[in-house]
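Data first, discussion second: the structure below is written as structure tokens.
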Amino acid sequence: MSKFEYQKSMLRYTVFAVLLTMLALGVLAKGFYIMTVERDYWNKVNAKMKFDSITVDAVRGCILSDNGQRLACNLPEYRMYMDFVALQESKADTLWHDSIGNDTRTLRVLCDSLHAIFPQQSAADFLAHLKEGYDRRSRYWPVVRQRVTYTVYNRVKSLPIFRLKPGVGGFVAKRFMVRKRPYGTMAASILGDTYSEGGDAYSGLEKAYDSILRGSAGYKHRRKVLNGWVDMLDSVALDGNDIVTTIDVGIQDLAERALIKELREVNGYTGVAIVMEVATGDIKAMVNVDRDSTGGFREGRNHAIADFLEPGSVFKTASFMVALEDGVIDTTDKVDTGCGLMKMYSATMRDHNWHRGGYGVISVPRVLQVSSNIGVSYLIDKNYKDKPEKFVEGLHRVGIAEDLDLPFPEYKKPRVRMPKKNSRGQWTNWSKTALPWMSIGYETNVPPISVLTFYNAIANNGVMVRPRFVTRVEKDGEVVKEYPVEVLKNGICSKQTLGKMQTMLRQVVSIGLGKTAGSSSFSVSGKTGTAQKASNGGYKNGTVNYLLSFCGYFPSESPRYSCIVCIHKAGLPASGGLMSGQVFHDIAEGIMAKNIKYDVKQATDSLTTFIPDVKAGNVLAADYVLSRLGFSSEGGWNGMQSDGKPVWGVVERKPRTSAIRRTTVIRGRKMPDVKGMGARDAVYLIESRGARVTIRGRGKVKIQSKPAGAQIRKGERVVLELA
């Protein structure tokens, strides 16, 4: 057995111990150097490796119609890029160029496919564009300049090269959540708007119910791990709730079309139409349209709730209700309106037929039927001139001046001035002419929604309900909160007065100036209104502007809906009964016709397959209607039209189906071919190019005065003949 060499072992141990000690001291020294001298550098490196408190946006809730259709919702849009550095580093650029630098077949197929998706850009243009990005070794080279919908994004993502993983093929996309209205501008003024890319709401229902729709954001932090990033969630984003509105899409569309049609015919510049359900106060439609620079009409300011207007003769109903309730007049009374002109203190009151000799002696009901300014103002002034405050108190009592306390930021509550006296007993805000002119709708500021709410109370047997725009809040289809009907006044007047007013309003339509608003199929009650609009503090400055109104309800015996129509126009002719009454008539007839149900089996032979004849135009709408009616179609449009844009084409009727074929519409300021289209689609296509359209006849377009492809001049008149 060999002897243990103690000296050698201790030497080795000592050497290793010294080396390890020196290494430890070196590590400590390096650590100290990093903590002091290189501290700022490594803090910057660390900052690049992590991101804290990154906001995770919540998805804004949807605004739904009364039957659940989406009126406003968040939909994704994408910007698509190519990361050519990642493509080249992954060696996948062999799909781009072959070994001698020529374009591969895969690249050519990619460009041909992009052209098929975006036909406005040729395959050669795509090839040159992508090669430029490749040569520049760009990390964010846009595939196309514009954002695209989710459907288009998925089509592009499935193309050759793009379908590879981002770190290989280089295709990347950035998602944006954008507020969209599937029905375009329909009901835009009531829905309101939000600032772009998830900004705050600033008008309409979007603003009124912002706290419900918005939801709450979440947070996450991000860390660099190897060559990638890992997101770690700190708090979950809570998506916003949906609100279910009272808006009926069918009634909204009907009211919009009827109003715009009349505005075009009478050369009006602004129109308002509101439809309210009598029992609940539910707003089924609210249309606010203004003429734009091209001569067309679009939704803009919410005039229905935000405009201070002198309502004119529709206010006379409230004046008579106050006088009847106070017992100072009765329906059996007579009043001498003379020749249609009457001196009222320092001014002259006129009836609309003063140049034809006036109405002479007429009864109180007849005063309302013919809307006699003299009849109303004389009776009110005679009975309240010494105590005008009693008349104004009566107006507040019957509800025409009620603050509806609507949640919209643009809402203006009515202003009906209360007479005031100073310490010496002198009127401080009142004149002798104030009362007679207030009684016929001047000297007041009442928005259309307040006038309608008052008439709705008459239809509702005296019960005034607050206008309701939202019925409930939902989350994933489950009801979170409900908004019940709110009663503002259980009775605006006595039953006796109410009965007299209901009779007189029915007579206004049956034998008075409101005949145009009536129907041969059901009874209508209401009141006309024609008022001059003040301009620069007066009514006689240049061309006179008019506010033409009709407010009423139907059917008279058992009212279901109330409605107000207001038209603003310049110059004569101007008649609330004829013009606004016509819109009221069209809306009322359309609503009542919609509620008539027939069994289609009673009208068709069970052995016959009936295929409807469909006009050319927006085939997206045609496909939707055909599917809802139970008809099959070939080549139907399956794309997502999230922005409400139409898809133009034709529908060919076959023995057992309909074939839908998409067509190309001439672009720019050139005349499109609208033959075979319905009036609405044809007018939209032509007037969007700056022309103005005159329509003759009904049915499909048979003749267009300007040939397809011809240049259109702004403001040019185009005549369409339909048959």
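The values are calculated or read from the model by the stated rules, or taken from the named source; none is laboratory data. All of these numbers come straight from a predicted model, not from anything done at the bench. Positions of Cβ are generated from backbone atoms using ideal geometry, with glycine treated the same way; all protein chains shown enter the neighbour counts. These area figures cover heavy atoms from the full protein model, side chains too; ligands, DNA and RNA do not enter into them. Shrake-Rupley method; radii C 1.70, N 1.55, O 1.52, S 1.80 Å.
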Give the residues of segment 376-398 that are in contact with a helix residue (DSSP H, G or I) (Cβ under 7 Å, 6 or more places away or on another chain) and not in a helix (DSSP H, G or I), sorted by residue number. Lys385
Condition test on Thr14, is it modelled with pLDDT of 85 or more, out of contact with any Cys (no Cβ under 7 Å at 6 or more places or on another chain) and not hydrophobic (A, V, I, L, M, F, W, C)? no
Suppose we filter segment 108-146 for residues that are touching a strand residue (DSSP E or B) at 6+ places or on another chain (Cβ under 6 Å) and either modelled with pLDDT under 90 or exposed (fewer than 13 other Cβ atoms within 10 Å of the Cβ) (or both); how many remain? 1
Given the residues Arg175, Arg179, which is the only one that is among the charged types (D, E, K, R) and within 30 Å of Val275 (Cα to Cα)? Arg179
Identify, please: which residue in segment 683-721 is assigned to a strand (DSSP E or B) and at pLDDT below 80 and is, among those, most open to solvent (accessible area, probe 1.4 Å)? Arg696
Listed by first then second residue, the pairs whose first member lies in segment 152-164 and is outside any helix (DSSP H, G or I), whose partner is of a type in the set (D, E, K, R), with beta carbons under 9 Å and at least 6 positions apart or on separate chains, are Arg163/Lys157
Can you name every residue in segment 244-270 that is under 15 Å from the mean Cα position of the chain (by Cα) and outside any helix (DSSP H, G or I)? Val244, Thr245, Thr246, Ile247, Asp248
Could you look through segment 241-266, keep only residues that are touching a residue at least 40 places away in the same chain (Cβ under 8 Å) and over 22 Å from Ile63 (Cα atoms), and pick out the one that is surrounded by the most Cβ atoms within 10 Å (Cβ to Cβ)? Leu259
So Leu107, is it out of contact with any Phe, Trp or Tyr (no Cβ under 6 Å at 6 or more places or on another chain), in a helix (DSSP H, G or I) and touching a residue at least 40 places away in the same chain (Cβ under 8 Å): no
If you check every pair at least six apart or on different chains, which have Cβ atoms under 7 Å apart with a residue in segment 412-425 that is open to solvent by 100 Å² or more (accessible area, probe 1.4 Å) first and a residue that is small (Gly, Ala, Ser) and at pLDDT below 85 second? none
Positions within segment 330-363 being of a type in the set (Val, Ile, Thr) and either in a loop (DSSP other than H, G, I, E, B) or closer than 12 Å to Leu379 by Cβ (or both), in sequence order: Thr331, Thr332, Val335, Thr337, Ile362
Name the residues in segment 337-357 that are without any contact (Cβ under 8 Å) to a residue 60 or more places away in the chain and loosely packed, with under 14 Cβ neighbours inside 10 Å, would you? Lys343, Thr348, His355, Arg356, Gly357
Can you name the number of the only condition in (1) out of contact with any Cys (no Cβ under 9 Å at 6 or more places or on another chain); (2) of a type in the set (A, V, I, L, M); (3) within 26 Å of Met504 (Cα to Cα) that Val322 fails? (1)
So, Ser216, is that one hydroxyl-bearing (Ser, Thr, Tyr), surrounded by 15 or more Cβ atoms within 10 Å (Cβ to Cβ), within 21 Å of Gly61 (Cβ to Cβ) and modelled with pLDDT under 90 or not? no
Sort through Leu341, Leu309 and tell me the only one that's at pLDDT below 90 and of a type in the set (A, V, I, L, M). Leu309
Take the conditions of a type in the set (A, V, I, L, M), more than 14 Å from Phe550 (Cα to Cα), at pLDDT 95 or above and crowded, with 24+ Cβ neighbours inside 10 Å and apply them to Ile449. Does it pass? no
Given (1) outside any helix (DSSP H, G or I); (2) surrounded by 20 or more Cβ atoms within 10 Å (Cβ to Cβ); (3) modelled with pLDDT under 90, number of the condition Leu87 does not satisfy: (1)
Residues in segment 318-329 that are assigned to a loop (DSSP other than H, G, I, E, B) and closer than 11 Å to Cys493 by Cβ: how many? 0
Those residues of segment 665-682 which are open to solvent by less than 70 Å² (accessible area, probe 1.4 Å) and either closer than 27 Å to Gln120 by Cβ or of a type outside the set (A, V, I, L, M, F, W, C) (or both), in sequence order: Val665, Ile666, Gly668, Met671, Pro672, Val674, Gly676, Met677, Gly678, Asp681, Ala682
Residue count for segment 377-404, restricted to those that are more than 13 Å from Met418 (Cα to Cα), open to solvent by less than 10 Å² (accessible area, probe 1.4 Å) and touching a strand residue (DSSP E or B) at 6+ places or on another chain (Cβ under 9 Å): 5
In segment 548-579, residue least open to solvent (accessible area, probe 1.4 Å) [restricted to those that are charged (D, E, K, R) and part of a loop (DSSP other than H, G, I, E, B)]: Arg560
Yes or no: Arg147 charged (D, E, K, R) and touching a Cys at 6+ places or on another chain (Cβ under 8 Å)? no
Please find, among Lys500, Lys481, Lys527, the residue that is open to solvent by 10 Å² or more (accessible area, probe 1.4 Å) and assigned to a strand (DSSP E or B). Lys481
Being touching a helix residue (DSSP H, G or I) at 6+ places or on another chain (Cβ under 7 Å) and not β-branched (Val, Ile, Thr): is that true of Glu310 here? no
